1. Looking only at the stretch 154-185, which residues are surrounded by 15 or more Cβ atoms within 10 Å (Cβ to Cβ) and closer than 20 Å to Trp107 by Cα?
2. So Ile48 clears everything in (1) open to solvent by 40 Å² or more (accessible area, probe 1.4 Å); (2) of a type in the set (A, V, I, L, M, F, W, C); (3) at pLDDT 90 or above except one condition, right? Which one?
3. Scan the stretch 197-228 for residues that are within 25 Å of Met313 (Cβ to Cβ) and outside any helix (DSSP H, G or I) and report the count.
4. Which of the residues spanning the stretch 112-146 are within 18 Å of Gly100 (Cβ to Cβ) and not in a helix (DSSP H, G or I)?
5. Give the stretch 40-99 a look and list any residue that's out of contact with any Gly (no Cβ under 8 Å at 6 or more places or on another chain) and not in a helix (DSSP H, G or I), or say none.
6. Output the residues belonging to the stretch 265-284 that are among the aromatic types (Phe, Trp, Tyr), within 16 Å of Ser76 (Cβ to Cβ) and open to solvent by 10 Å² or more (accessible area, probe 1.4 Å).
7. Does any residue of the stretch 2-25 turn out to be farther than 20 Å from Val108 by Cα, modelled with pLDDT of 90 or more and among the hydroxyl-bearing types (Ser, Thr, Tyr)?
8. Tally time: how many residues in the stretch 103-128 are open to solvent by 10 Å² or more (accessible area, probe 1.4 Å) and either within 17 Å of Leu252 (Cβ to Cβ) or not aliphatic (A, V, I, L, M) (or both)?
Amino acid sequence: MKDKLQKKDMTFLLALAGFGFLCVLRYYNENMMQHLWALSILGNRRIIQGMTAVFFLILIGVAGQALRKVSKENRSGIYYMATLLAVCLMPMFICDSYMGSPDLYAWVIILLCIVALLNGRCDGIVLPGILLAAYICPMIVFSGGALLFAAVLAKGMCEDNKRNMVQAAGMVVMAFVAFVLAKETYGFAADVQGRISGKRFLVIVLLFLPYTYAIFQFFASLIKEQTDGRHRLAYLLCGLGSVPGFLLWAYLGDYCRAVIYAFVYYLLLLLILYCQELAFQTSWNTFRLWIKEKVVLEPVVVIYPLIILTFWMVSNDFIDAESIIEFTR
């Protein structure tokens, strides 16, 4: 049953806003890369700055909507997911390589679609939302588009809901139409940003292996718990949904997007499923108990990726990969 936001929830949302403000102070250096926009006005500095603020607010709004969808007893799970989302996305779109990129505008639309899915009453905007987001940034279909598709498809399969199945099929059609329109009107490009080297990327992948293992363990146990074949297939597809995007961005050489978007895919997808299914909440809470057994201090789960993002991915304060390699030997 949906509950009103408590004082603790409002404090948490204000803390997210405060973290966004700190990200601006820490990462923003007034430099912006050139990108290929669907409309030239999207490259205006003032519009980019305003849209970045809107993006932060909508991301906080997603967290607020998620908190309203679950009981007070289960809100701690939302706290962790929303905090990790802020750690991944807020610094990224202040970074000079990605600030004002087409991704920013596309993610604003994707997050609005997620709010609609969580609300449950206005999810009709998902199809036009995918069309617009994929037109502005065609590559978004491998990250934000993939997670929306996985969430809608999983709901349709688990609840045997034909409307959701048709909606998932419609998303594929909308993405294809958007690709064609983008190619014909402004000739989109992948917008690859070679911000970090392949060597640094490999070390980051190694450093994030505990998270990769945890995600694998969670989906493996979740699939094992299911007694129905449709549920197993739905969660298997959800678990594999980030793989194509990760491999594509890694192949193109944009290693920051490969890593960050893979994490964002799982975090947002888990948040959506957590709000929609009581059985999923039980599985997630059991998983959190498993994490507590492995990690002595839970805040480390959030602080660890923040350090890697800050000093290795989205900041100018890079530490040489060789230093870390020597340290880990």
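The values are calculated or read from the model by the stated rules, or taken from the named source; none is laboratory data. Note that the coordinates shown come from a computational prediction; the quantities given were computed from them, not determined experimentally. Positions of Cβ are backbone-derived with ideal geometry, glycine not excepted, and every protein chain shown enters the neighbour counts. Heavy atoms of the whole protein, side chains included, go into the accessibility calculation; ligands, DNA and RNA do not. Shrake-Rupley method; radii C 1.70, N 1.55, O 1.52, S 1.80 Å.
1. Within the stretch 154-185, Gln167, Ala168, Gly170, Met171, Met174, Ala175, Ala178, Phe179, Leu181, Ala182 meet the criteria.
2. Against the list (1) open to solvent by 40 Å² or more (accessible area, probe 1.4 Å); (2) of a type in the set (A, V, I, L, M, F, W, C); (3) at pLDDT 90 or above, Ile48 comes up short only on (1).
3. 2
4. Those that are within 18 Å of Gly100 (Cβ to Cβ) and not in a helix (DSSP H, G or I): Cys137, Ser143.
5. Passing the criteria: Asn44, Ser71, Phe93, Ile94, Cys95, Asp96, Ser97, Tyr98, Met99.
6. Trp284
7. yes
8. Total meeting the criteria: 8.
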